[in-house]
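Quick notes on the structure that follows.
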Amino acid sequence: MSTPRLEELLTRLAGASVVVVGDVMLDEYVWGDVGRISPDAPVQVVDIRRRSHAVGGAANVAHNIRAAGGEVFLAGVVGDDAAGGTLMAMLTAAGIDAAGLIVVPGRPTTVKTRVMARGQQIVRLDSEDRSPLASGVRASLLAQVARTLPRCGAVLVSDYAKGVVDRGLVGEIAKHRAPGSRALLLVDPKDADFGVYRGCDLITPNRKEAEAATGLSLGADAELSAATQRIRAACGAPHVLVTLGERGLALGSPDGTVEVIPAQAREVYDVTGAGDTVLAYLGIALAVGAAPGDAARLANLAAGVAVAKLGTSAVGPAEVAAALTGARGAAAKSVGVHAAVAKIEHERSLGRRIVFTNGCFDLLHAGHVHLLERARALGDVLVVGVNSDASVRRLKGPDRPLVAEDDRVKVLSALDAVDLVIVFDEDTPLELIRQIRPDVLAKGGDYTVATIVGADLVLGAGGRVETIPLVAGRSTSQLVEQILKSKDD
């Protein structure tokens, strides 16, 4: 697939509407350090420093779709417990419609707790109930999905063997599609009996799952071809996409051909959640009418971004575009709001402090650089909100900005102190602050805490508001006056 075609496909993702059904879970990370052995047993002692959370399983699939700009409806079950409340709050903050999540008293929310020390996972602790859903809960789940199907372009079933996806569920979902519906039904399987998923249009096993289901060792193209044919016969899916780890993806088509899409050469940091990213980008691309091959290439790029991150995390289209073009640094910093929120939540899950500042940044000067460097020193990730050209004109008059929006963004993105740049079109960044939820809000010393937009939101959430002294004699207005004066002279 050519770069222009993929770039064009990325711009269309925001028009997608997708249903995600399956096992939602909360990923908990316990961060600490190790330096001694327990006197009670020959095991390492982990000194806990902090805890963080991320959405996992089907919820991570939904999070990736939302980060890509699509609308997503999530259906599954959670317990009537603290973990379920945390998960619901995180989904709401990410802009995910979680009305389809059914609270089941007595059934715990699935939680995977990973103990991390010095960047390595020491142990994983699972809290879950893998028993099948009660008939009434199952019927309610199907009703929620059926209600949303008419307005969606794809249905994604994420099976983690936690009890939501049973034999017949996929077929029943397929029957709920309206006659002539173009909504495709995709499944990320877990059961070795792929007959459980009969009725799907596309299935996405990983290599281990495909080998278990077919009895084949997928080491050669001939074996891949035989495996995809067996999988197709088992579940009836016209298309089969096998994820092969470092080898990339193998797409089996109805005519029996198999195309291997090589993985992008990137450093692999953590494969957790990579399959969720593949399912999400494959599904959202198919929902907007992409051909299966093009959708697979897009998913392959997104997976390459995902494995370079630690833990489950959403991948935004700007990151995929950067991977496509080989862009790094400045080119990868300019992102849309949904992608920014996903990146920020990932950084927050790692315990990093988010700092936000904003402005027009017209004619960038030493005063701006001072502000940004001081702001960055207040935390770990600096997010800069930039007024759009239309917003600047409303605030500053018809003769401003002097520097166009794209150029202002490029210059800001080139600064080492800046991690993300987001353009906003409103007169104030209030809504942007509401979505980002920074830990620190920073502005220049010409403001007071009482006059800083969003200060009440940040302080109310337990954050800080900081004012940074200005550099004397450095302002855009002064620069404009000096330029006009020199022109007159």
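The values are calculated or read from the model by the stated rules, or taken from the named source; none is laboratory data. Keep in mind it's a predicted model, so treat the numbers as computed, not measured. Methodologically, a virtual Cβ is constructed for each residue, glycine included, from the backbone with ideal geometry; neighbour enumeration extends over all protein chains shown.
Scanning segment 343-372 for residues that are among the small types (Gly, Ala, Ser), in a helix (DSSP H, G or I) and modelled with pLDDT of 75 or more yields Ala366, Gly367. Pairs are defined by a Cβ separation below 8 Å, a sequence spacing of at least 6 or placement on different chains, a first member in segment 96-122 that is free of Cβ contacts under 8 Å to residues at least 12 places away in the same chain, and a second member that is among the aliphatic types (A, V, I, L, M) and not in a loop (DSSP other than H, G, I, E, B); the pairs so defined are Gln121/Val115. For segment 196-211, how many residues meet the condition of being surrounded by fewer than 18 Cβ atoms within 10 Å (Cβ to Cβ) and modelled with pLDDT of 95 or more? Number satisfying all stated conditions: 1.
Quick one: how many residues across segment 148-184 are in contact with a Cys (Cβ under 8 Å, 6 or more places away or on another chain) and either at pLDDT below 95 or over 20 Å from Arg66 (Cβ atoms) (or both)? Selection size over segment 148-184: 3. Only one of the numbered conditions (1) in a loop (DSSP other than H, G, I, E, B); (2) at pLDDT 90 or above; (3) under 23 Å from the mean Cα position of the chain (by Cα) is violated by Glu267, and that is (2). Pairs meeting the criteria (first residue in segment 369-392 and of a type in the set (Asp, Glu), second residue assigned to a loop (DSSP other than H, G, I, E, B), beta carbons under 7 Å, at least 6 apart or on different chains) are Glu373/Ala417; Asp380/Arg352; Asp380/Arg353; Asp389/Pro401; Asp389/Ala404. I'd like the full set of residues that are assigned to a strand (DSSP E or B) and of a type in the set (S, T, N, Q), limited to segment 36-75. Within segment 36-75, Gln44, Ser52 meet the criteria.
One residue stands out in segment 242-265 among those that are closer than 14 Å to Leu282 by Cβ and β-branched (Val, Ile, Thr): the one that is surrounded by the fewest Cβ atoms within 10 Å (Cβ to Cβ), namely Ile261. Here Asp419 fulfils each of the conditions (1) charged (D, E, K, R); (2) surrounded by fewer than 18 Cβ atoms within 10 Å (Cβ to Cβ); (3) closer than 29 Å to Gly351 by Cα apart from (2). Just so you know, in segment 86-95 the residues that are in contact (Cβ under 8 Å) with a residue 24 or more places away in the chain and surrounded by fewer than 20 Cβ atoms within 10 Å (Cβ to Cβ) include one that is nearest to Val34 (Cα to Cα), and it is Thr86. Counting only residues that are in contact (Cβ under 8 Å) with a residue 12 or more places away in the chain, out of contact with any Gly (no Cβ under 8 Å at 6 or more places or on another chain), of a type in the set (Asp, Glu) and closer than 25 Å to Ile96 by Cα, segment 1-42 holds 2 of them. The residues listed here are Asp23, Asp40, Asp47; of these, the one that is surrounded by 13 or more Cβ atoms within 10 Å (Cβ to Cβ) and either under 30 Å from Leu185 (Cα atoms) or not small (Gly, Ala, Ser) (or both) is Asp23.
If you go through segment 408-424 and pick out every residue that is touching a strand residue (DSSP E or B) at 6+ places or on another chain (Cβ under 8 Å) and acidic (Asp, Glu), you end up with 1.
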